Amino acid sequence: MAELQMIKLHTNNYSTTPMIPCRRRRTSTVSLLRQPRFPQDSSSQHRVGFPSSSVKYDGAVSRRGRSVGGLTVRAFDSAPSATTETEVVLVEQPVEENGTVARFRKVAAAEEYTTADVAAFELRKDGGFWDNVLLQLRLMIAPPWQRVQYGSVLSIHLGGEISDVKGKFFSPAFTLPQICENFAKAANDPRIAGIYLRISSLGCGWGKVDEIRRHIVDFRKTGKFVVTYLYSFQEKEYYLGCASDELYAPQLAPFGLYGFALSASFYRGILEKMGMEPQWVRFGKYKKAGDQMARKTIAEPHLEVLNKLLDDRYDYWMDVVSSSTGKRRDEVEKFVNEGVYDMDRLKEAGLLTDVLYEDEVMSRLKAKVGLQKDQVLPMVDYRKYSGVMNWTLGLNGGKDEIAVIRACGCIAVTSSFANFPGDGVTAARVIEQIRIVRESKKYKGLVLRIDSAGGDCLGSDQVWRELRLLATEKPVVASLSDIAASGGYYIAMAGNAIVTEKLTLAGSIGVLQGKMSYAELQKRIGYSNHVVSKGKYAEYPIAGHRALRPEEKQLLEDITKHWYKIFREKAAISRSMSIEEMEKVAQGRIYHGSHAVEVGLVDAVGGMARAIAIAKHKANIPQDRPVRVVELTKPNSGLTEWITALGTVMAGLGGTAGAVSEGPKFGHHGVEARVDMSMLNGLDGGGVSEFDPIFTIMKSFLKLSLGSI
């Protein structure tokens, strides 16, 4: 990795904290390589595979010189082939607003993040004869569950949901950390000849798919093979599979390569017929959360975002698939628009190696490892291989340690009945892990892996604060998975750098707050209640039995605006922008990762490996020195925790029954920083209490109504 240079400037003694370079933006690019395919052989005339040089994910950083907080920040570009150099200043100084609220303002100039390729995993260095002898000795004394026959093929099945957190007790799911770790171990394991990858319908997002694809590409660079068998596939599964050396599918596998479509559903008409009136307030014209209940048709800003996301995804898929298959883009586009349904057409077009049954693929795998047809192919299942320790393969890392904390799911202050152990982002739990990194001398930095569409503002802000404290002492790098939007982006921006995949959903700097009026529904079902109150706004938190009064609606708007200003200002501080500049790119808009780099919300394109490389650089660890990556987010599998979770559920149900007997308290008056994923994942119940009995009736009604359509 190219050495980065920083020129320190005098800062008028405003701060005693270390410098934290900010970002410099430049559009990330993909190198589209149309090279000859791998050699033909007698077994097949059609091959599909990604060239060994692979797609290059180039990082980038921001773009301007300006005066911020009385200090001049200047950036200048060098020759196109050279690393960009910048002057760097950081000042953290308290800023008072209205004489009451103190905040910290960060002033920093840009830093160039290396554009050199970062491998998805590290290969064990060949230490010579004795090092190889030691490796063989480790393999010989390995316990039975870690023993693998030489010349084995590692079998991995990818399908359904893929979590970004390591598997929990009793969970059959195969998680992204396990997938990536198995690829890294197999690449370094002399007993593994190649990987046989089975792919069926994936339930994860594009961020995780890109991370896995990068591992496939880098695994092939070791000279070992990857053969993929598609049980069923659409664009996402094919995008992953075409990175392999060979790609097969059965004749009758369900598939569809027809392009991309995004949809948004709206339930306002249903709610009106049920006698329910949503009353939402949001700041940011692109903040779509709540639209599905508040509107009957799509809004223009919402349509603008959908079209941009669709264009980005379509163009990126076309570019990568065409480069992977050695086709021109117009050829792939023509094929997609022909509405092909016959598997043989994919083979004829060169988009599939061959159409075979799985036993026929096994025969070809035997040939690849030098076996006869009547011999048994040694295969190792991914679950058994997950038990192979890194130590056995000599992958011990180094003395320096980089901590990894994973924030995946909805953000909450504390655990709730919906958050069983290991589910969601509990602020208290994450803060405890952050403090461990901050207080321990053995950790040189932190990579925060985020896969969250947001959640509670208070929980997000508490995590943000702890990360900011850590970032003044040790490097903090955020690595974005499928999504880091709203509250998910809120915690990401606390770091010294943000790394994203090209199709990660990021941003959505906006706030939503809302209530539901059940007056007409209560009338229809014969329910009534009487509220006695004292105080002008006393009924505001429980005003579900009627529409909000004008002064209550104004209070709702003021609260939401207040939180939006805080979010926007902290985003501006974190990204070294003025409030006006941040407002242009905020307003609740969600971006793909590559677009987020262009507008300055994210620093570089890449996966966990790039995030770790940046953390090493900021911690002054040479790039050629291996580090030990320590996962602090552990799967919770204790029986006590499950009993506690069950008790929480029962307590919640009891609380709901009590609320009904005393008189329901409608509505949720906490502020939400959450992105609406209804355009991708269906109904999102954000902003309404899960314990609300009337809302429970509404959800049941919707499930019954929509289930019959």
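Observations, loosely collected:
- Shown is the FRET efficiency for Gln372 and Lys334, computed with R0 = 45 Å from the Cβ-Cβ distance and rounded to the nearest 0.05: 0.60.
- For the range 463-504, convex hull volume per residue from C-alpha positions, Å³: 51
- FRET efficiency, Ser533 to Tyr258 (Cβ-Cβ, R0 35 Å, nearest 0.05): 0.05
- Normalised by residue count, the range 417-515 yields a Cα convex hull volume of 109 Å³ per residue.
- Neighbour net charge for Glu466 - beta-carbon separation under 11 angstrom, K R +1, D E -1: +2
- The rule of thumb for compact globular proteins, 2.2 N^0.38 Å, goes into the C-alpha radius of gyration of the range 263-401 1.81 times.
- Sequence-separation-based contact order of the range 391-543, relative, with Cα cut under 8 Å and 6+ spacing, percent: 19
- Packing rank of 187-193, 292-298, 372-378, where each peptide gets the mean count of other beta carbons within 10 Å, highest leading: 187-193, 292-298, 372-378
- Rg/Rh (Cα only; Kirkwood hydrodynamic radius) as it applies to the range 156-230: 0.96
- Gained length - Lys399 relative to Tyr341, 0.36 nm times residue gap less alpha-carbon distance: 15.4 nm
- Computed over protein heavy atoms with a 1.4 Å probe, the carbon and sulfur contribution to the accessible area of the range 448-598 reaches 53%.
- Estimated distance in nm for a label pair at Lys553 and Ala428, the labels positioned 7 Å out from Cα along Cα-to-Cβ: 3.9
- Available extension along the chain between Asp131 and Thr222 is 30.9 nm, counting 0.36 nm per residue and deducting the alpha carbon span.
- Over all distinct Cα-Cα pairs of the range 232-276, the Kirkwood formula returns a hydrodynamic radius of 14.0 Å.
- Rounded FRET efficiency, nearest 0.05, which uses the C-beta distance separating Asp624 from Glu300 and R0 of 41 Å: 0.20
- Solvent-accessible surface (1.4 angstrom probe) belonging to Met389, in square angstrom, nearest 10: 110
- 20 °C / 1.002 mPa s Stokes-Einstein diffusion coefficient of the range 238-339, Kirkwood radius on C-alpha pairs, µm²/s: 126
The values are calculated or read from the model by the stated rules, or taken from the named source; none is laboratory data. Just so it is clear, the structure is predicted and the values come from calculations on it, not from any experiment. Note that each Cβ is placed from the backbone with ideal geometry, even for glycine, and that neighbours are counted across all protein chains shown. Only protein heavy atoms, including side chains, enter the accessible area calculation; ligands, DNA and RNA are left aside. Shrake-Rupley method; radii C 1.70, N 1.55, O 1.52, S 1.80 Å.
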